[in-house]
Structures are given as structure tokens and as C-alpha cells.
Amino acid sequence: MEKFSLTDIRKKNYSDVYHFIYREKRSSKQQIATALQMSLPTVTQHLTALNDAGLIEKNGLISSNIGRKAAAYMIKPTAKAAVGVEILTKQVTIVVLDLYGQVITRTKLPIAFTQEEAYFDLLAKSIQGQLDACHIQPEQVLGVGFGLQGLVSEDGCEMLYGKILDCTGLHVDRFQAHLAYPCRLIHDSECAAALELWHSPDLTDALYLSLGSHFGGAVISDGQIKTGRTGRTGTFEHMTLIDGGKTCYCGKQGCVECYCSASALLEEDETLEQFFEAVRQNNRTHTARWTEYLNFLAMALNNLHMVLDSWIILGGHIAPFLTDTDLEQLFSLIQERTAFPENENFLRLGVQEKDVVAIGAAIPFVQEYLSSI
């Protein structure tokens, strides 16, 4: 039988009190004691310790049916903060999150990616500028996550494959040399999938597909993002869809990327807003392009669903433009192809939030911190 020391029990009680307040948003001493079956003196002891650590604060009063109103306790959402950065060819997006995963500040900057030292210096100064703007002190920063288009080593230190940005071999030390905070590289699709799990913690098994300017994906199994033996799990974009088809940036032909990414859908200098406005107005040429796109996407999704019979979550830049009618049409096209038709539509839209990659790059630092308390 496992034995617990007095220290272990105190640590658990301390954690339980913090996480109860975190979940409930505002709690009185009596509510905590009742819910956790602790004595009031024990709760008081841990509230004092959490307050002294700067993790909680009193905030107003809570109504009571008996006696006086009780003091309300809340966590301090900005006691700690995490930074997420999405790095694209010609732009970076920087967000700062609090402990609830809420965006404190965000900015988009037209900084073109290069591997020159000046780039890393400018990026670091831009990150620090955002932290300074919201008065986040260095000791509050949990870390900085960088979401990049490409495969990343399991330890988050090196780009194993980065043809889009031409950054294969890029090491996190290039960023770390200019920042006083822990830094980590993360595959952009895994960032988006991490945010999906943050918002849907009960999600166990799913395929997450990012219909972004470039196609991407992640496999969620047992509530975790799977990277695989060599970090290539979820690279659906390089499955062959059309033998001998269009040439992909990877150098092969007929990849899903060439037919199911936003770049494949749009013409030069065309935006998604312009395209979907034309589609909704039943413009013939745009409707034809959209139907062709959905057919290719249905082909890819049917193949994936045969491998993992689970929810398929659609995210990325195209997702906010998808309507219920689009999802029904896409599911119908899948049903025409599949060997196993089913009644339930297994497609669903992902988190509809701006800057999912940048936010998802910061989320792991928040999760790890909360788990440590």
C-alpha cells in the first residue's frame, strides 16, 4: 500500500485548493472547504501560502444565505504568462497568454524570415516589446513557443525538415541566444491541435487537419498528440493523392498539399475573403473551383478515415469560411467514395479563433505550469 508523508499531503492539498479556485473562477473559503472536504484552518493555511506566492488574490464578496458575505478568492491569471510566435515567410505573429490561455496582447509584424542574426535579434526585441507593453516581468514568463512550418525534433530543439522556410537544421539556440526565457520549436499543425485539446480536454481520438496556406495535420490519440518514431506522424500533406500529379514543394508529385491547401485553391494574389465571397454569390468559375477542391479533399479525408475511424477536425485558414452546407456536401462526397457509408457526420470544425498557431505554441507552457502546482 502506497504511503504518503505529511509533506506529500500538504502538497496535494495546496494543489487541490489552487485548482479548485482555478476551475470555479471565484470561490469562498467555505466553498473550498466543503468541496474538498478540508477543515477551514487547513484551507486558510493554503490560501495564505498561495496569496504569499502571488498566485491568488481576494476579489470582492460572494453572497451567502447564512450570515455575512464571504471574501471571494481568484487566481491571478497574469501571475505567469507564456508567449507564442507563429513564424511565416514574410510575417510573424506574437501573442502573450495568461494562465487561462486568454490572449493578453497580440501583434502581427511584417518581418521576413531569414537565418541572419539580425532577424533573431529583431524578433527577440519584438517579443520583449509585447511583454513590456503589458507589464509582464521576466520572472513571470514561462517560456516562448515558436510555431514553424516543418517537422521538429521530439525535444523541440531542431527543425528536422523545413523546406517551406528553408530552415532544415535550424536550432532553438538561435532564438535562445537573444531571449532570457525557455524557448521551444513546435510544428505549426501541432500548435493548432494543442489549442483544440485545450478547448476540448475530453477529446480522446481525432485527426486534426489544418487547411491553411499549406496543408498540415496531427494525430490525437488517447488525448495526446502523437509524433511517431521519427516525428513524421500527421504529415498527411505528403500522402500521394494523384499519381504523377502536380509537383509539391517536397519535390514529389501529386501530394495532398498540391490539391487541398489554401494555396492550391486560390489564384495568384487572390484572398480567401474574395474567393468565398464569389462562391456565396454563385459565381460559376469560383463554384467550379470550390467543387473540385471539395472532391480532392473528400478523397484525402476518406483515405484518412479508413486508417483512423474517429472525428476529423477541420482547422486552418479555410475553416472559418466553411458553412454547415459545405460540411454536408463534403461528407456526402466522402460517403460516395467510402466502402463503409455511415449516418453520422464525423466532420467538425476546429476552434474558431484568430492566430491558432501562435496561441497553440504558448499553450504547452501554461499546461506544464498548471500541472506543476
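Among residues of region 3-27 that are closer than 13 Å to THR42 by Cα and of a type outside the set (Val, Ile, Thr), those with a Cβ under 7 angstrom from a residue that is assigned to a helix (DSSP H, G or I) and open to solvent by 30 Å² or more (accessible area, probe 1.4 Å), sequence gap 6+ or separate chain, pair up as ASN13/THR42; TYR14/ALA49; ASP16/LEU36.
Listed residues LYS108, LYS90; which is on the phi < 0 side of the Ramachandran plot, open to solvent by 30 Å² or more (accessible area, probe 1.4 Å), in contact (Cβ under 8 Å) with a residue 12 or more places away in the chain and assigned to a strand (DSSP E or B)? After ruling out the rest, the residue left standing is LYS108.
Yes or no: LEU314 aliphatic (A, V, I, L, M) and open to solvent by less than 20 Å² (accessible area, probe 1.4 Å)? It is true that LEU314 is aliphatic (A, V, I, L, M) and open to solvent by less than 20 Å² (accessible area, probe 1.4 Å). Among the residues of region 267-274, are any modelled with pLDDT under 95 and either of a type in the set (Phe, Trp, Tyr) or under 30 Å from ALA79 (Cα atoms) (or both)? The answer is no; no qualifying residue exists. Total residues in region 222-232 satisfying the condition of being surrounded by 14 or more Cβ atoms within 10 Å (Cβ to Cβ) and not in a strand (DSSP E or B): the figure is 2. Report yes if ILE242 is closer than 23 Å to PRO320 by Cβ and either open to solvent by 10 Å² or more (accessible area, probe 1.4 Å) or touching a residue at least 24 places away in the same chain (Cβ under 8 Å) (or both), otherwise no. No, not satisfied. Taking the listed residues GLU368, GLU292, GLU353, the one that is out of contact with any His (no Cβ under 9 Å at 6 or more places or on another chain) and over 23 Å from ASP222 (Cβ atoms) is GLU292, with no other qualifying. Of all the listed residues (GLU158, GLU154, GLU139, GLU116), the sole one being over 25 Å from HIS187 (Cβ atoms) and of a type in the set (D, E, K, R) is GLU139. When VAL351, VAL356, VAL307 are checked against the criterion of being surrounded by fewer than 13 Cβ atoms within 10 Å (Cβ to Cβ) and either farther than 30 Å from ILE75 by Cβ or touching a helix residue (DSSP H, G or I) at 6+ places or on another chain (Cβ under 8 Å) (or both), VAL307 stands alone in meeting it. Considering region 359-373, the residues that are open to solvent by 20 Å² or more (accessible area, probe 1.4 Å) and out of contact with any Lys or Arg (no Cβ under 7 Å at 6 or more places or on another chain) include one that is nearest to ILE94 (Cα to Cα), namely PRO364. Identification of strands (runs of 3 or more DSSP E) wholly contained in region 118-202 with 1 or more residues that are touching a residue at least 24 places away in the same chain (Cβ under 8 Å) and farther than 23 Å from VAL356 by Cβ yields no element. Based on what the data block shows, is VAL219 open to solvent by less than 60 Å² (accessible area, probe 1.4 Å) and closer than 21 Å to VAL351 by Cβ? Considered against the rule, which asks whether it is open to solvent by less than 60 Å² (accessible area, probe 1.4 Å) and closer than 21 Å to VAL351 by Cβ, VAL219 comes out as yes. Within region 8-57, being open to solvent by less than 30 Å² (accessible area, probe 1.4 Å) and part of a helix (DSSP H, G or I) holds for SER15, VAL17, TYR18, PHE20, ILE21, ILE32, ALA33, VAL43, HIS46, LEU47, LEU50. Within region 280-294, the set of residues being buried (at least 16 other Cβ atoms within 10 Å of the Cβ) and either under 23 Å from CYS248 (Cβ atoms) or of a type in the set (A, V, I, L, M) (or both) comprises ARG289, TRP290, TYR293, LEU294.
Here is a check on your reading of the model: is LEU99 surrounded by 14 or more Cβ atoms within 10 Å (Cβ to Cβ), part of a helix (DSSP H, G or I) and touching a residue at least 12 places away in the same chain (Cβ under 8 Å)? So LEU99 does not fit the description; no.
Hey, could you check region 152-197 for residues that are touching a Phe, Trp or Tyr at 6+ places or on another chain (Cβ under 9 Å), open to solvent by 40 Å² or more (accessible area, probe 1.4 Å) and of a type outside the set (Val, Ile, Thr) and say which is farthest from GLN128 (Cα to Cα)? Step by step, filter region 152-197, then rank; the result is LYS163.
The values are calculated or read from the model by the stated rules, or taken from the named source; none is laboratory data. All values reported here derive from a predicted model rather than from experimental measurement. Because the Cβ atoms are built from the backbone with ideal geometry, glycine has one as well, and the counts that use them run over all protein chains shown. These accessible areas exclude ligands, DNA and RNA; they are computed on the full protein's heavy atoms, side chains included. Shrake-Rupley method; radii C 1.70, N 1.55, O 1.52, S 1.80 Å.
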